[in-house]
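*Asks:* Can you keep this structure in mind? I'll have questions shortly.
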Amino acid sequence: MNPTPECKTDIITPTSPPDPVKAAEEIVNSTGINLFLTGKAGTGKTTFLHNLANSTSKRFVVLAPTGVAAINAGGNTIHSFFQLSFAPFIPGATVSDSNKSFRRMTKHKLKLIRTLDLIIIDEISMVRPDLLDAVDDVLRRLRNPLKPFGGVQLLLIGDLRQLAPVMPDDEWALLRQHYNSPYFFESQALRKAGFLMIELTKVYRQSDPVFLDILNKIRDNNADEQTLALLNTRADVSIMPKPEEGVIRLTSHNYRANTINNKHLNDLDTPVFTYEAAIQGNFPESSYPADISLQLKLGAQVMFIKNDISNEHRFYNGLIGHIVELDDTSVTVKAHTPAGEIIKVTSVSWENLKYTLNPSGEIKEEVEGVFTQIPLRPAWAITIHKSQGLTFDRAIVDAAQSFAPGQTYVALSRCRSMEGLYLESPLPASAIMTDPSVNRFISSQPRMEGNDEELAAFKDSYYRELVMELFNFSTLDLAFDSYFRAATSALSSLYPIFISDLYEYKDTLNDKVIKVSDNFSRFLRNNLPIRSLPEVKEILCDKMRNAAAYYCDILSSISHFVADTPLEIDNQVLLKRLARDTEELLALLKLKIYILRHFKSHEFDPQEYLTAKTQAILQRDSKPSVTAAAKKVRTASPKNTLPADISDPKLYRALQQWRKDRADGKPAYTVLSNKVLMEICRELPVNLSELKMVKGMGPVKLKEYGVEILDIISRTLSD
């Protein structure tokens with residue numbers, strides 16, 4: 001086994017400038033810290049996402065706020081993955097109370113969520129704070145109620161200077177008392193969890209330092225008169241491209257783009273070809289990546305809206321050209337590039353993916369629906385919003401009427417160079433907007449440097465955090481308290497011996513687990529991470545292995561006791577609560593025991609810990625639940641251990657089966673209560689007079705069932 005970073009004794013000194021990409025990879029792969037990865041347009045945020053998704057050993061899903069963003073990122077929308085409604089989430093409320101779909105999560109989805117190590121959210125700038133808090137509520141309920149986001153690490157990718165969240169006035173009226181702004185960083189859960197910010201600084205899209213300086217000033221709302229004057233030289237009518245040059249226009253409003261495209265298409269005196277999209281399976285309309293009914297003509301200016309994934313890489317998302325030939329199944333485009341490539345394209349497919357678990361428990365992407373269409377759209381004009389993520393060699397920007405913060409920056413930053421940028425009209429200062437809330441956040445939020453000492457400290461902290469989690473039993477203690485209250489309420493009158501034992505196990509958990517773990521946790525805090533002489537390291541590792549063995553043995557005995565909780569009670573309300581709390585406690589016990597058992601014989605390693613925890617959850621969730629057993633009242637299986645309160649288990653089982661048959665589909669207690677059955681087993685009456693003395697056997701019951709009961713007693717005792 002490779003040694004953990006915490007066990008190294010070397011002192012690391014930086015030898016080169018910090019690399020933000022390397023630092024971000026290290027934070028995600030080697031720590032549990034939440035990370036906000038940001039950067040200007042064209043700095044490689046999307047590339048980082050794709051590279052990480054192909055390389056990380058953590059169990060993850062990729063989510064996005066909109067359907068189109070999710071399709072582009074190769075993941076799900078946040079709402080669909082967590083089955084959330086689109087209504088505002090009010091902090092302090094609960095998703096499960098306000099959102100019925102939360103209750104309908106399949107066991108498959110629950111298992112997937114419970115085994116996640118990492119959630120990646122792309123285009124985080126568009127995510128509202130109440131949505132993150134709703135996600136926190138779901139994850140706490142399904143995983144760990146004591147940790148923000150249930151203990152899952154978050155990787156948030158995006159640029160707050162670009163697309164902003166959509167917040168209608170009526171919804172903001174509900175949420176403004178809980179949040180200072182509509183941006184993700186206001187999330188109460190995220191603030192409690194904390195996060196680092198790493199900024200990618202190397203711009204790949206542009207290389208001209210003058211143009212980059214202009215973009216930076218526009219982005220930060222620092223454009224002075226000189227900057228605007230220099231930028232507005234690109235509004236000179238003498239340099240504007242001619243219509244036949246086929247330069248795309250970026251407009252701030254959707255109606256404007258549609259008007260331009262429709263006019264140019266109608267002006268072409270050539271036949272219309274209509275291409276209908278083919279949709280298979282589940283592909284929501286909000287996620288359609290192309291027109292469902294695409295109308296094109298010979299000579300039309302078009303834009304490719306998908307990358308060519310073949311080995312030829314003939315086209316890319318954002319490539320402009322015009323149609324030189326088309327038929328019923330294909331379109332041939334001449335690209336507006338120096339080489340003027342001729343590209344023949346047929347229909348391609350976009351996949352709507354969902355995350356699933358394969359039989360071995362690995363997270364896999366499964367195709368839920370397929371959208372097939374020609375990957376083109378008329379492109380004399382496009383909205384600035386839809387241009388997000390695209391790159392153009394030449395573009396006419398119509399941003400004088402920009403209405404949202406960051407909109408002008410997004411439009412200008414689509415262009416590779418100043419020479420390829422043309423302004424429809426001079427930009428006024430009013431077209432350059434930034435949100436004061438974003439300004440305050442960016443100016444106050446420290447960036448992570450990413451040097452070796454900093455990364456080593458975070459890895460140490462992560463190692464310590466996971467070790468402390470292994471030997472922390474607070475969640476287990478809470479679950480035992482709930483189980484204890486349910487058991488004493490339901491079983492005290494029927495099973496006094498079991499309840500007496502229950503009190504002893506409660507003391508055992510408190511004295512031998514909780515109190516001991518408090519002392520051991522203090523020891524761990526003072527001695528971790530392990531950075532000492534080899535012999536000292538071995539002593540510490542040995543103490544952790546011994547502690548794992550100690551707790552494993554005690555929790556195993558508690559687990560065996562809880563598993564034998566008597567569920568033979570007639571009160572269905574108390575039975576339901578007891579079965580639920582028993583199941584939840586057993587699940588936590590089995591999870592903890594499985595992990596502790598692994599580290600009885602292994603040196604602690606963070607990735608091994610995550611793997612062991614995942615395997616424990618998968619094994620636990622594959623077994624029948626106690627709730628299901630409770631519905632059957634555990635009468636059919638002779639293997640179930642009965643509590644000591646039942647003096648004659650064999651007779652008790654026989655009476656239970658008789659009672660069930662006699663009830664004929666009605667509640668069994670309508671024949672005789674469970675308490676009466678237990679009393680019969682204690683007294684063992686041999687005639688009607690003795691049976692009459694059993695409390696609960698009135699004249700009517702005695703007349704109707706007396707002979708049958710005595711016959712069962714006689715036959716059982718004689719066997």
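The values are calculated or read from the model by the stated rules, or taken from the named source; none is laboratory data. Computed from a predicted model, the values in this text were never measured in an experiment. Because the Cβ atoms are built from the backbone with ideal geometry, glycine has one as well, and the counts that use them run over all protein chains shown. Areas reflect the complete protein model, heavy atoms only, side chains present, ligands, DNA and RNA absent. Shrake-Rupley method; radii C 1.70, N 1.55, O 1.52, S 1.80 Å.
*Asks:* I'd like to check something: does the stretch 489-506 contain any residue that is open to solvent by less than 60 Å² (accessible area, probe 1.4 Å), over 30 Å from LEU677 (Cβ atoms) and of a type outside the set (S, T, N, Q)?
*Replies:* No - not one qualifying residue is present in the stretch 489-506.
*Asks:* Something else about it: List pairs: first in the stretch 134-161 and over 23 Å from HIS50 (Cα atoms), second among the β-branched types (Val, Ile, Thr) and open to solvent by 20 Å² or more (accessible area, probe 1.4 Å), Cβ under 8 Å, 6+ apart or cross-chain?
*Replies:* Pairs found: ASP137/THR94; ARG141/THR94; ASN144/THR475; PRO145/THR475; LEU146/THR475.
*Asks:* Could you check, for the stretch 414-432, whether at least one of its residues is closer than 19 Å to ASN254 by Cα, basic (Lys, Arg) and open to solvent by 10 Å² or more (accessible area, probe 1.4 Å)?
*Replies:* Checking the stretch 414-432: not a single residue is closer than 19 Å to ASN254 by Cα, basic (Lys, Arg) and open to solvent by 10 Å² or more (accessible area, probe 1.4 Å).
*Asks:* Within the stretch 307-338, work out how many residues are surrounded by 15 or more Cβ atoms within 10 Å (Cβ to Cβ), assigned to a strand (DSSP E or B) and among the polar types (S, T, N, Q).
*Replies:* Qualifying residue count for the region: 1.
*Asks:* For the stretch 109-159, what are the residues that are open to solvent by 10 Å² or more (accessible area, probe 1.4 Å), touching a strand residue (DSSP E or B) at 6+ places or on another chain (Cβ under 7 Å) and in a loop (DSSP other than H, G, I, E, B)?
*Replies:* ASP117, ASP122, GLU123
*Asks:* Please find, within the stretch 475-488, the residue that is modelled with the highest pLDDT out of those that are open to solvent by less than 40 Å² (accessible area, probe 1.4 Å) and farther than 25 Å from ASP570 by Cα.
*Replies:* Of everything passing the filter in the stretch 475-488, LEU476 is modelled with the highest pLDDT.
*Asks:* Pairs needed: first member in the stretch 588-612, surrounded by 17 or more Cβ atoms within 10 Å (Cβ to Cβ); second member anywhere, of a type in the set (Val, Ile, Thr) and not in a loop (DSSP other than H, G, I, E, B); C-beta distance under 8 Å; at least 6 residues apart or different chains.
*Replies:* Note: pairs meeting the criteria are LEU588/THR475; LEU589/ILE558; LEU589/VAL562; LEU591/ILE617; PHE604/VAL467; TYR609/ILE595; ALA612/ILE595.
*Asks:* Let me ask another. Restricting the stretch 513-544 to residues that are among the basic types (Lys, Arg) and surrounded by fewer than 16 Cβ atoms within 10 Å (Cβ to Cβ), which is modelled with the lowest pLDDT?
*Replies:* ARG525
*Asks:* Give me the pairs, please: first residue somewhere in the stretch 650-674 and in a helix (DSSP H, G or I), second residue anywhere and open to solvent by less than 10 Å² (accessible area, probe 1.4 Å) and of a type outside the set (A, V, I, L, M), beta-carbon distance under 8 Å, and either six or more positions apart or on two chains.
*Replies:* LEU651/CYS681; TYR652/CYS681; LEU655/CYS681; GLN656/GLU568; ALA668/GLN656; ASN674/GLU568
*Asks:* Here's something else I'd like to know. Of everything in the stretch 681-691 that's assigned to a helix (DSSP H, G or I), touching a residue at least 12 places away in the same chain (Cβ under 8 Å) and open to solvent by 10 Å² or more (accessible area, probe 1.4 Å), which residue is nearest to LEU710 (Cα to Cα)?
*Replies:* Result: LEU688.
*Asks:* Sticking with this one: Go through the stretch 70-91 residue by residue and tally those that are free of Cβ contacts under 8 Å to residues at least 60 places away in the same chain, surrounded by fewer than 22 Cβ atoms within 10 Å (Cβ to Cβ) and in a loop (DSSP other than H, G, I, E, B).
*Replies:* Number of matching residues: 5.
*Asks:* In the list ALA173, ALA257, which residue meets the criterion of being aliphatic (A, V, I, L, M) and exposed (fewer than 15 other Cβ atoms within 10 Å of the Cβ)?
*Replies:* Checking each option against the conditions leaves just ALA173.
*Asks:* Condition test on ASN571, is it over 30 Å from ILE33 (Cα atoms) and open to solvent by 20 Å² or more (accessible area, probe 1.4 Å)?
*Replies:* yes
*Asks:* If you go through the stretch 35-57 one residue at a time, how many are open to solvent by less than 10 Å² (accessible area, probe 1.4 Å) and part of a loop (DSSP other than H, G, I, E, B)?
*Replies:* Going through the stretch 35-57 one residue at a time, the tally reaches 2.
*Asks:* Would you check if there is a residue in the stretch 339-358 being at pLDDT below 90, open to solvent by 60 Å² or more (accessible area, probe 1.4 Å) and not in a strand (DSSP E or B)?
*Replies:* For the stretch 339-358, residues at pLDDT below 90, open to solvent by 60 Å² or more (accessible area, probe 1.4 Å) and not in a strand (DSSP E or B): absent.
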